[in-house]
Amino acid sequence: MTPSLPHRGGLLSRACLALLLAGLAIPWRAGGAEAGDALQARLDFSEASLRWPDRIRDSLTPPRWLPEGDRFVYWSRVEPYRDTWVLVDARRRTQQPLLDSESLRAQLTALSGKPMTLPAVMPFTLTTDAKGIIFTVQGRAFSLGLTDKRLVALEPTHPVALSLMPGNSLSPDGGKVAVQRDTGFAVVDAKGTTRLEHTGTEDSPWRLPEAAWSPQGRFLAVWRDDTRGMHRLPLVDYSTPLEKVTWAPYSKTGTPLMRSELHFVSVETGQVTPSPGDAVERYDWFAGWRPDGSEALVLQLSRDGKRLDLVAVEPVTGKRRRVLREERKETFVAALEFAVEGWSQQVTPLPDNQHFLWMSERDGWRHVYLYDYSGGLVRQLTQGPFPVHTVVGITPKSDAFFVTASAEPGAPYDRPVYRARITGGALKRLTPEPGLHRPVLSPSTSHFVDGHSTREQPRVWDVVSTEGRPSFRYAKADTSALAELHYAPPEGITVKAADGVTPLYGVLYKPWDFDPKKRYPVIDVIYAGPFTTVVPWSYVGPYESVIAHSLAQLGFIVMVLDARGTPGRGKAFQDANYGRVGQTEIPDHVQALKQAAASHPYMDLERVGIHGHSWGGYFALRGMLTAPGFFKAGYAGAPGALTEEAIINEPNMGLLSENPGGYAAGSNEALADKLQGALKLMHGTSDVNASLSTTMRMAQALVRANKHFDLLIMPGEGHGPEGRYYRDDVRRFFLRELGEPR
């Protein structure tokens, strides 16, 4: 998987950046102290450019709507209410800070006994009576009254404060909190007393799911995982002469999966009731409860991703029944994107306790269907040649619901907000602006907060009426600090796939001092996994787009593309590489680069490199081995392989026993003798996402084929190495192998 954007270290000072910008005007030359200084300045500027999102001041903490009155609280990072809490009245179209920033800092300092640094993101929640908010700063919990503006320090054991910690879950009445404790869990009451506790073991831990509490707080759902049958990765600690080995459970293609059994804990009696399933290997997610708490809802995905079941479980007895089954025998129902976050959108209970919304691609597009709890289909609610991405919420009367979808012709990656009817029919667009929208709906559903942006437009925050009243803007991101870095959004491109028909979308990044009269070496920053997209459609895009911008500042034209097989554009588009991952993606990228260069003569296709990390590392290798005459240099970081993690490979490839030819065709090791250009591999020895053995086997294959390559092994590093060393190594590699603009 792709690592999150690193945040270690601070930003470069204004004075230092000024020197770097001046240094960039000095042509880089090999040899000599002066050349070394100029190279370091370029590397430093590329690193600063990687961190350009850190320079944006934006109110990213999710807002919280009050239960009544269509009001919400948000943490502001921008003027005129910078670094404080603000109360917004959506109906009156007003906002007011609860405290000014200086007063907030002063009170926090007085209560804590030390100066408090206010973070950019400030997680918070409402008090049980919704008359105040609770937040944490530097590990300390505080409450702030909405009316009296009084700030109070809370005990660390306060249930609401504990609920802000990841993995913990607050009971519906706010009087208890379920706490994850190492391999076990506990329920703690308002006095800090542990009401019940269960401990697990390293290979059989307890795990609290999201929405663990039943609606009335009577039961707590808990998973008991069993990793005993799983393959183990050896992680070697080389820091001392006496090596130490630890073992990490890991399900590779064809090896046993982790098994999970759901249990229900009666909070009053402490009784634990298991809900045993069958012995079939699968993936399980806890999807919540029916509104009356009579049944819990569980999603079960078959190992090959071809079958998805919705199962209802009685918490008193543990008895389970299948409500419905979604199945695709010729392809897959769900894969890694479902396992990471898509499962949470699969089923949405309606307030009537009789019906729920279900997401399905059965007609070729992801749409919303209405079911009852007997498994009966009532009707399809949305339809058309476009995907629905998320169900945002349902009106209190259950007569309408709200979604994000890509329903506009010519804008397949935009995600506006729409209103839909339970009776079916056309969608009504509520957000006219292009780009990505991330709505937060009010309890009344009369309004929603809408944070949205495009590649060219930084994020703005609007309050939108669902009833036709005018919207108003309450905040916008401050990007003024980007001027120092000469940041410019990338140029969008549209090309045809290798089939000559399918339109593909991508972007080109250019150096800050771009000169169209020069010829620039080109880098393809690739991911191409069949479970995510990497082309930016918002102002701050995915990690690959940030890396691409950083590399471009060294003097390259850098492309980012979403090839066939990626999600978000319908089932047929994603199924283009089903069972044949590794066979369609590189041809698409090569054709895209050729088409882009035809209309961008400054792109020098005699000097093309390819770089990717994780699944992108697999495809960087793939490019060097399947298009060896096109890609002259490739750097593959922590590359995956079709033999690695089961959830990444098997749903998109089918089981190894059923598709041995597809797995063989997608093997990079088998193509080692095709290498022509300069290749470098990097891997951390403590990587538990893509195991070190993938790079070791690739190195072995290259040695046996008598192909020379470079290898960087980073002891003790995981999937995303800390610090600059790896990133600078990538930069130096392409500067050395591809050269300068001419």
Task: Label point at SER344 placed 7 Å out along Cα→Cβ; residues across region 211-239 whose backbone nitrogen lies under 13 Å - done: 211-212
Task: Integer Hz, Karplus 6.51/-1.76/1.60 couplings in order for region 109-119, x for Gly and Pro - done: 5, 5, 6, 8, x, 7, x, 10, 8, 7, x
Open item on the list: Show me, for region 513-528, the HN-Hα J-couplings you get by feeding each phi into the Karplus relation (A = 6.51, B = -1.76, C = 1.60, θ = phi - 60°), rounded to Hz, glycine and proline as x.
Closed with: 9, 3, 10, x, 7, 8, 10, 9, x, 10, 10, 9, 8, 10, 10, 6
TODO: Would you kindly derive the ³J(HN,Hα) couplings of region 180-194 from the backbone phi angles with the Karplus curve 6.51 cos²θ - 1.76 cosθ + 1.60 (θ = phi - 60°), listing them in order in whole Hz, with x for Gly and Pro?
DONE: 7, 10, 6, 8, x, 8, 8, 10, 10, 8, 5, 8, x, 7, 6
Task: Cα→Cβ-extended label distance, 7 Å offset, between GLN216 and GLU79, nm - done: 5.5
- [ ] Would you mind checking which residues have amide H under 5 Å from HIS437's amide H? H placed 1.01 Å from N; only 5 or more apart, or other chain.
- [x] ARG415
Open item on the list: So, R0 is 22 Å and r is the distance between the beta-carbons of GLU722 and ALA120; what FRET efficiency does that work out to, to 0.05?
Closed with: 0.65
- [ ] Would you grab the residues whose amide H sits under 5 Å from the one on TRP289? Only those 5+ places off in sequence or on another chain, please, with H modelled 1.01 Å from N.
- [x] LEU297
Open item on the list: As an exercise, use a Förster radius of 30 Å and the Cβ-Cβ distance of ALA400 and ASP100 to find the FRET efficiency, rounded to the nearest 0.05.
Closed with: 0.15
Task: Efficiency of FRET from Cβ geometry, GLN700 and SER294, R₀ 41 Å, rounded to 0.05 - done: 0.10
- [ ] Specify which residue in the list PHE135, ASN168, PRO715 is farthest towards the positive end of the charge dipole of the chain, using unit charges on the beta carbon of Lys, Arg (+1) and Asp, Glu (-1), about the Cα centre.
- [x] PHE135
TODO: Over all alpha-carbon pairs of region 547-613, lay out the pair-distance distribution in 10 Å bins, whole %, shortest bin first.
DONE: 18, 44, 30, 9
Task: the chain - charge dipole about Cα centre, Lys and Arg +1 at Cβ, Asp and Glu -1, debye rounded to 20 - done: 820
Open item on the list: Using the Cα centre of region 123-184 as the reference point, and only Cβ charges (+1 on K/R, -1 on D/E), how large is the resulting charge dipole? Debye, rounded to the nearest 20.
Closed with: 120
- [ ] List the residues whose amide H sits under 5 Å from the amide H of LYS252, counting only those 5 or more places along or on another chain, with H placed 1.01 Å from N in the peptide plane.
- [x] HIS231, ALA646
- [ ] Run the quick spin-label model on GLU740 and ASN353: label points 7 Å from Cα toward the beta carbon, then report their separation in nm to one decimal.
- [x] 7.6
Task: Alpha-carbon centroid distance for the pair region 327-390 / region 462-495, whole angstrom - done: 31
Task: Inter-part distance where region 673-742 and region 553-632 are each reduced to a Cα centre, Å - done: 18
Open item on the list: Leaving out ligands, DNA and RNA, and with a 1.4 Å probe, what % of the accessible surface on region 212-334 is carbon or sulfur?
Closed with: 52
TODO: Just subtract the alpha-carbon distance of VAL501 and ASP513 from 0.36 nm times their residue separation and send over the number in nm, one decimal.
DONE: 0.8 nm
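For a quick protection proxy, order the peptides 453-462, 223-232 by their average other-Cβ count within 10 Å, most packed first. Mind dumping the intermediate values first?
Working: 453-462: 18.8, 223-232: 16.7.
Ranking the peptides 453-462, 223-232 by packing returns 453-462, 223-232.
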TODO: For a label point 7 Å from the Cα of ARG732 along Cα→C-beta, name the residues of region 538-557 whose backbone N is under 20 Å from it.
DONE: 550-556
TODO: Round to the nearest 10 and give me the degree value, 0 to 90, for the angle of helix 725-738's Cα axis relative to the longest principal axis of the chain.
DONE: 40
TODO: Could you grab the relative contact order for the chain? Cα pairs under 8 Å, six or more apart, rounded to a whole percent.
DONE: 9
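The values are calculated or read from the model by the stated rules, or taken from the named source; none is laboratory data. What you see is a predicted model; the values in this text were computed from it and never measured. Note that we place each Cβ from the backbone using ideal geometry, even for glycine, and neighbour counts take in every protein chain shown. Accessible surface is based on the protein model in full, side chains and every heavy atom, while ligands, DNA and RNA are left aside. Shrake-Rupley method; radii C 1.70, N 1.55, O 1.52, S 1.80 Å.
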